[in-house]
Amino acid sequence: MTNVKKAKMILDKDYKIGEVDKRIYGSFIEHLGRAVYGGIYEPGHPLADKNGFRKDVIQLVNELNVPIVRYPGGNFVSGYNWEDGVGPKEKRPRRTDLAWSTIETNQVGTNDFADWAKLAGTEVMMAVNLGTRGIDAARNFVEYCNHPGGTYWSDLRKSHGYAEPHRFKVWCLGNEMDGPWQIGHKTAEEYGRLACETAKVMKWVDPSIELVACGSSGIGMPTFAQWEATVLEHTYEHVDYISLHQYYGNRDKDTADFLANTMALDAFIKSVIATADYVKAKTRSKKTINLSFDEWNVWYHSNDADRKIERWSIAPPQLEDVYNFEDALLVGGMLITFLKHADRVKIACLAQLVNVIAPIMTSNGGGAWRQTIFYPFMHVSNYGRGYALNPIISTPVYDSKNYTDVPVLEATAVYNEEKDELTIFALNKDMNDTLSLECDIRNFEGYRVVEHIVLHNDDVNAVNTEANPFNVVPSNSGDAKIINGIVTANLSNLSWNVIRLAK
């Protein structure tokens with residue numbers, strides 16, 4: 001028999017963490033595996049448009065309501081010559097991609113991706129190569145993309161059929177430059193100096209852009225957090241964000257410990273904020289550096305399979321994690337954690353969007369379907385717009401292999417003042433017991449329960465496939481109700497919950 005545990009939550013519309021920047025619901029497309037070729041782009045597919053973009057994929061991206069997509073990498077960007085991907089397709093060179101040991105055909109490049117982004121209703125977060133290249137290529141790239149005309153590079157763009165500039169707003173200064181696996185791997189001093197000088201000239205070409213400096217490749221790097229401090233000491237007045245990357249896995253098949261990783265994520269974010277603010281104090285700056293968590297996800301299922309990939313093939317399947325139900329729970333918990341830091345985490349990119357560690361999967365020539373992680377991302381992206389509130393939570397806790405005092409209830413809420421909507425996102429991490437939630441929202445007078453969405457499955461390893469795409473899906477089966485300003489709901493064990501309220 002299932003036991004019932006109790007948790008309490010208090011929400012007040014005046015207790016705000018900060019306004020949610022919609023870009024925390026961003027994603028990532030890298031020239032890697034089948035993310036581009038066979039993912040967003042497959043000429044000859046029955047559902048491809050005249051430019052070769054798969055309309056079934058665009059429809060699913062639209063469901064996710066993704067406001068920004070990072071491109072073209074990732075490790076790929078550190079060896080990428082952007083000029084290879086513009087101009088007539090028949091003249092574009094084929095190159096060896098040393099990052100992933102494949103052949104890059106360059107049939108999709110900057111302008112093509114800008115076209116796709118418009119169809120997908122998203123902005124482009126562009127990256128420049130600071131591995132094999134530097135200041136000159138970066139300033140020319142900004143001029144090509146964003147300058148209105150009358151110069152060599154902007155007129156070259158016009159000759160390629162793009163009279164209007166793309167006006168890409170956010171640019172990444174390289175990728176994971178502290179990683180020895182990176183083409184052009186650098187020390188913090190080397191990267192900091194290069195990033196500073198590159199940032200200066202990019203903003204001289206277009207002062208309206210925002211720039212992201214590379215943080216370390218993860219909290220487990222030996223360079224963390226001295227890397228962040230050194231890089232920001234060089235770049236502080238010239239950049240707007242510092243990046244964070246983090247992936248989690250469950251090789252030990254320990255669900256309780258796996259779901260507790262939200263505690264490590266929270267600590268990681270706090271440590272980067274502290275480091276950035278230390279540099280602010282040290283440099284006597286008046287500006288605040290915010291965070292761009294531009295790679296995050298669960299990633300471990302496909303690691304061994306990728307060793308069998310044939311070198312120098314074109315768009316082979318790589319990093320194609322098949323996500324299970326417990327992965328969806330952690331993804332929901334990670335999104336809640338970002339909302340808890342909405343005052344400083346302004347950009348986040350689920351890595352990646354299609355086929356490569358992605359919420360959307362396709363088969364070449366076949367269908368497209370939603371992985372389990374699709375659903376919590378869709379819910380938070382669509383209903384998590386407005387102000388992140390600062391809830392007061394009382395919850396049972398548990399200990400796992402690597403964590404102590406893990407909250408059973410992981411929860412937050414977003415208040416959309418314009419629409420008079422309040423949405424509670426709640427994750428019950430308990431392996432066995434239902435959690436009885438009591439939430440005081442008396443400050444939200446006249447609100448009613450619109451729906452209580454639940455994502456639950458008795459099998460933590462349940463997955464969605466092309467043959468069985470609706471094996472793990474949410475339902476409106478929750479029992480949330482409101483009486484005298486108190487919301488009550490039973491959250492089943494191991495469940496993701498979205499309680500939507502409105503006037």
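Bear in mind these aren't lab numbers, they're just calculated from the coordinates by the rules spelled out. Quick caveat, the model's predicted, so the values are computed rather than measured. Methodologically, a virtual Cβ is constructed for each residue, glycine included, from the backbone with ideal geometry; neighbour enumeration extends over all protein chains shown.
Straight Cα distances below 17 angstrom link K8 to the lysines K429, K481, with same-chain residues fewer than 8 positions distant left out. Here the stretch 202-273 was treated as a single set of alpha-carbon atoms; its pair distances binned every 10 Å from 0 give 17, 39, 26, 13, 4, 0 percent. Residues E30, E310, arranged from fewest to most other Cβ atoms within 10 angstrom of their Cβ, appear as E310, E30.
Do you know the relative contact order of the stretch 371-439, to the nearest whole percent, from alpha carbon pairs under 8 angstrom that are 6+ apart? In percent, rounded to a whole number, it is 27.
Across the stretch 312-324, coupling constants 3J(HN,Hα) worked out from phi with the 6.51/-1.76/1.60 Karplus curve, θ = phi - 60°, read 6, 8, 9, 6, x, x, 9, 6, 8, 4, 9, 7, 9 Hz, and Gly and Pro carry x. Only lysines eight or more places from K419 in sequence, or on another chain, were considered; those with a Cα closer than 16 Å are K13, K22, K503.
Listed peptides 75-82, 471-478 appear in the order 75-82, 471-478 once ranked by packing, highest mean of other Cβ atoms within 10 Å at the front. In plain terms, the C-alpha convex hull of the stretch 1-146 casts an average shadow of 15.0 nm² when viewed from every direction. Considering only L259, F325, C145, and ranking their Cα positions along the charge dipole of the chain that arises from unit charges at the beta-carbon of Lys, Arg, Asp and Glu, the one farthest toward the positive end is C145. Each of N106, G179, G38 was placed along the dipole of the chain (beta-carbon charges, centred on the mean Cα), and the one lying farthest toward the positive end is N106.
Computed on the Cα trace of the stretch 459-503, the radius of gyration divided by the Kirkwood hydrodynamic radius gives Rg/Rh = 1.11. With q set to 0.10, 0.13 Å⁻¹, the log10 of I(q)/I(0) for the chain, from the Debye formula over equal scatterers at the Cα positions, is -0.77, -1.28.
Ranking of Y162, Y37 by neighbouring Cβ atoms within 10 Å, starting from the fewest: Y162, Y37.
Phi angles of the stretch 80-95 translate, via the Karplus equation with coefficients 6.51, -1.76, 1.60 and θ = phi - 60°, into HN-Hα couplings of 9, 9, 4, 5, 5, x, 10, x, x, 4, 5, 9, 6, x, 8, 10 Hz per residue; Gly and Pro are given as x. When the alpha carbon coordinates of the stretch 258-377 are projected onto the principal axes, the ranges are 56, 33, 23 Å, largest first.
Working note: Karplus 6.51/-1.76/1.60 with θ = phi - 60° gives the stretch 455-467 the couplings 10, 8, 8, 5, 10, 5, 9, 5, 10, 9, 10, 4, 6 Hz, where Gly and Pro are set to x. Given R0 = 35 Å, the distance between the Cβ atoms of K91 and S302 translates into a calculated FRET efficiency of 0.50. Loop-located chymotrypsin sites (Phe, Trp or Tyr not before Pro) in the stretch 447-503 (DSSP state not H, G, I, E or B) with no more than 15 neighbouring Cβ atoms inside 10 Å: F470. Computed over the stretch 24-74, the quotient of the alpha carbon radius of gyration and 2.2 N^0.38 Å is 1.15. Annotation: amide H-H contacts under 5 Å for E421 (H modelled 1.01 Å from N, sequence separation of 5 or more, or interchain): N416.
Identify all aspartates and glutamates with a Cα-Cα distance to K55 below 16 Å; exclude those on the same chain that are fewer than 8 residues away in sequence. Within the straight-line limit of under 16 Å, K55 reaches these aspartates and glutamates: E42, E63, D112, D115. Close amide H contacts of A315 (hydrogens built in the peptide plane, cut-off under 5 Å, sequence separation of 5 or more or a different chain): I103.
Between K5 and T434, L435, S436, the built amide H atoms are under 5 Å apart, and every one of these is 5 or more places off in sequence or on another chain.
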